[in-house]
1. Might you tell me the accessible area per residue for region 2-190, computed with a 1.4 Å probe and given in Å²?
2. So for region 2-190, considering every pair of alpha-carbon atoms, how many percent are separated by more than 26 Å?
3. What whole-number distance in Å separates the alpha-carbon centres of region 8-31 and region 58-133?
4. When ranked by the protection proxy of mean other Cβ atoms within 10 Å per residue, highest first, what sequence do the peptides 16-23, 116-123, 186-193, 217-224 form?
5. May I ask for the net charge around Ala174, where only other residues with Cβ less than 12 Å from the Cβ of Ala174 are counted and Lys, Arg are +1 while Asp, Glu are -1?
6. Name the long-range amide H neighbours of Glu35: under 5 Å, sequence gap of 5 or more, or other chain; modelled H, no Pro or chain starts.
7. What relative contact order, as a whole-number percentage, does region 2-190 give when Cα pairs under 8 Å and 6 or more residues apart are counted?
8. Would you mind calculating the gained length between Asn158 and Arg187 on full extension (0.36 nm times residue separation, minus the Cα-Cα distance), in nm to one decimal?
Amino acid sequence: MKITVVHGQKHHGSTWNSTRLLRDFLMTEDDVCHEFFVNDIPHCVGCFTCILKDEEKCPHRNLIQPIIHSLDEADIIIVETPNYCMGMTGQLKNFFDHMAYRWFSHRPLDGMKNKVAIAVSTTAGLGASTATKHVAKQLFWWGVPKVYRLHEVVAASNWEEVKPEIKVKIEHKAEKIAKMARKNHERVHWGIRQKLIFKMMGRMQKAGLGTPKDATYWKEQGWI
Ligand SMILES: Cc1cc2nc3c(=O)[nH]c(=O)nc-3n(C[C@H](O)[C@H](O)[C@H](O)COP(=O)(O)O)c2cc1C
């Protein structure tokens, strides 16, 4: 099994450590795991090159492409972010912005429909659930059918300060989610919402309401 982890920040705090616990429960010695950090990707400049022309021509493609390649190959995707102001980190959102061309409304990758993902977040008080919800929403629009969410209130600003009983709680949650993800990763299917959205987007492409680049892609895939 291939696992790809996208870290929404670089330091080894509570979210990184929760993700490490999850990854260790998830992996056997036959599995491979690739990990990426998104901190050094420059901001999306809104040039529309990926959407209108060619994603390979994105000015930041050299930094984005290895992550996307790994995500495309993965059986299980993990995306982690601490809660910053009731949501994901800015750098993670910036990464997701670079993936806009992969949304259902543009050029979704067919292979996403077989993947399972896990969104991880921690917070001092409130908002980790919101952060994982925001991550899950992005992955939904890429076409990932199942996103598990591991989020916890740690009442701390770093992992060393997190109380042992909270660490145990995270460990239990991580173990449970890892088991479910392993069990279900080859059995997932789009639900009614994703099926409907895909159908609607197909109609939109057929009617010429999308971009020519997207319409050509949908035709090449044999979807319209
Ligand atoms: C910029 C920033 C914004 C934050 N926003 C919130 C917040 O809205 N609510 C909250 O309860 N904690 C907030 N926190 C605290 C972190 O969510 C919390 O300490 C988290 O566990 C940090 O995870 P980490 O150790 O992986 O960085 C914020 C921290 C930072 C640095």
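1. I get 47 Å² per residue for this part.
2. Of the Cα pairs, 28 percent sit more than 26 Å apart.
3. 16 Å
4. Highest-to-lowest ranking by the protection proxy: 116-123, 16-23, 217-224, 186-193.
5. +3
6. When sequence neighbours closer than 5 places are left aside, the close amide H contacts are Val5.
7. Normalised by residue count, the contact order of region 2-190 is 27 percent.
8. 6.8 nm
The values are calculated or read from the model by the stated rules, or taken from the named source; none is laboratory data. Please read all numbers here as calculations on a predicted model, not as lab measurements. Heads up, the Cβs are rebuilt from the backbone with ideal geometry, glycines too, and the neighbour counts pull from every protein chain shown. Areas reflect the complete protein model, heavy atoms only, side chains present, ligands, DNA and RNA absent. Shrake-Rupley method; radii C 1.70, N 1.55, O 1.52, S 1.80 Å.
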